[in-house]
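Report on one structure; see the data block that follows.
The values are calculated or read from the model by the stated rules, or taken from the named source; none is laboratory data. Everything numeric here is computed off the predicted structure, so don't read it as measured data. Glycine gets a Cβ as well: all are built from the backbone with ideal geometry, and neighbour counts include every protein chain shown. The protein model used for the area step is the full one, side chains on, heavy atoms only, and it has no ligands, DNA or RNA in it. Shrake-Rupley method; radii C 1.70, N 1.55, O 1.52, S 1.80 Å.
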Amino acid sequence: IDRDGKIFYSSGPWVISRRDKWNNENLSGRLMLDYDVSKNSTIGFQYLGNLSNPDPSQTTFSKTKIFNNAMVVDSLLNNKGRSKQQKYNHSLNVHFKTKIDEKGKNLSTDLDYFTYNSDNDRNVNTKSYTSDGDFLNNIFSNKNVSNQKIENFSVKLDMEYPLKAF
């Protein structure tokens, strides 16, 4: 992905060119099964899962030309970012439904489990150069590590009990 932009300052514009390279490998699936225990009762389960394993060479490059008021390049900023990320989620549902009578009374139960994990590691480094390309200094370095884990268990019991209308 290529992006260009301009920021206008009173001392002169900054012209930014950015290139991002991202490549992801995703695998996802869904499996469902229901079984009629009797003519009035059903039991079943459902599984949903997703695994995302991006290419470890995810990179972002940007070059910023800093102009003065005379519209001459005063200095350059080069930025390089690299990301490593892996995430997955799984969802499992077990359900049971039974018909109590012919008037519409039903009882159902759901047991659910959900998990989500995300590990992110991003490094960014920005260096400044003269307009001739001579190195000046490191302006900015950053390492961001973010790990997230979510687990959720839930139970639902539902009773349908229709009432007569007026």
Original post:
Considering amide H positions built from the backbone, and no H for Pro or chain starts, which residues 5 or more places from Lys105, or on another chain, come under 5 Å of its amide H?
Top reply: Ile100
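Could you work out how much longer the chain between His95 and Arg19 gets when fully extended? Use 0.36 nm per residue separation minus the Cα distance between them, nm to one decimal.
22.5 nm
Using a 1.4 angstrom probe on the protein heavy atoms only, line up Lys21, Lys99, Lys39 by accessible area, largest first.
Accessible-area ranking of Lys21, Lys99, Lys39, largest first: Lys39, Lys21, Lys99.
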Subject >> Nearest-20 debye value, the chain charge dipole, Cβ charges on Lys, Arg, Asp, Glu >> reply: 260
**OP:** Per residue of segment 41-53, in order, report the coupling 6.51 cos²θ - 1.76 cosθ + 1.60 (Karplus, θ = phi - 60°) as ³J(HN,Hα) in whole Hz, putting x for Gly and Pro.
**Re:** 10, 10, 10, x, 8, 9, 10, 10, x, 8, 10, 10, 10
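Beyond a 23 Å Cα-Cα separation, which of these cross-linked pairs lie in this structure: Lys97/Lys149; Lys87/Lys127; Lys21/Lys63?
Cα-Cα > 23 Å for Lys97/Lys149; Lys87/Lys127; rest within.
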Original post:
If R0 is 41 Å, what FRET efficiency do you get for Phe140 and Tyr88 from their C-beta distance, rounded to 0.05?
Top reply: 0.80
**OP:** State, as an integer percentage, the relative contact order of the chain based on alpha-carbon contacts under 8 Å between residues 6 or more apart.
**Re:** 19
**OP:** Take Val124, Val155 and sort them by solvent-accessible surface of the protein heavy atoms, 1.4 Å probe, largest at the top.
**Re:** Val155, Val124
**OP:** Compare the peptides 3-9, 158-164, 107-113 by average per-residue count of other Cβ atoms within 10 angstrom and give them in order, highest first.
**Re:** 107-113, 3-9, 158-164
Original post:
How do the peptides 72-84, 139-151 rank, highest first, by the average count of neighbouring beta carbon atoms within 10 Å per residue?
Top reply: 72-84, 139-151
**OP:** With the full set of protein chains in place, find how many percent of the accessible area of the chain is carbon and sulfur; take the probe as 1.4 Å.
**Re:** 54
Subject >> Mean separation of Cα contacts under 8 Å (6+ apart) over length of segment 122-163, as relative contact order % >> reply: 33
Original post:
Hey, what's the chain come to in accessible area per residue, 1.4 Å probe, Å²?
Top reply: 73
Subject >> Vicinal HN-Hα couplings computed from phi for segment 151-159 (Karplus, 6.51 cos²θ - 1.76 cosθ + 1.60; Hz; Gly/Pro x) >> reply: 10, 9, 10, 8, 10, 10, 10, 10, 10
Original post:
Which lysines, on any chain, are close to Lys99 with Cα under 26 Å apart, when same-chain ones fewer than 8 places away are left out?
Top reply: Lys39, Lys156, Lys164
**OP:** Any chance you could look up the accessible area of Arg19 with a 1.4 Å probe, heavy atoms only, rounded to 10 Å²?
**Re:** 140
Original post:
If you plug each phi of segment 81-95 into the Karplus form 6.51 cos²θ - 1.76 cosθ + 1.60 with θ = phi - 60°, what whole-Hz ³J(HN,Hα) values come out, in order, with x for Gly and Pro?
Top reply: x, 9, 10, 10, 8, 9, 8, 8, 9, 9, 9, 10, 10, 10, 9
**OP:** List the residues whose amide H sits under 5 Å from the amide H of Asp74, counting only those 5 or more places along or on another chain, with H placed 1.01 Å from N in the peptide plane.
**Re:** Ile66, Phe67, Asn68
**OP:** For Thr42 and Asp2, compute 0.36 nm times the residue count separating them, minus their Cα-Cα distance, and round to one decimal in nm.
**Re:** 9.1 nm
**OP:** Would you pull out the residues with amide H under 5 Å of Asn40's amide H, same chain only if 5 or more places away, H placed 1.01 Å from N?
**Re:** none
Original post:
How much of Leu92 can a 1.4 Å solvent probe reach, expressed as accessible area in Å² and rounded to 10?
Top reply: 70
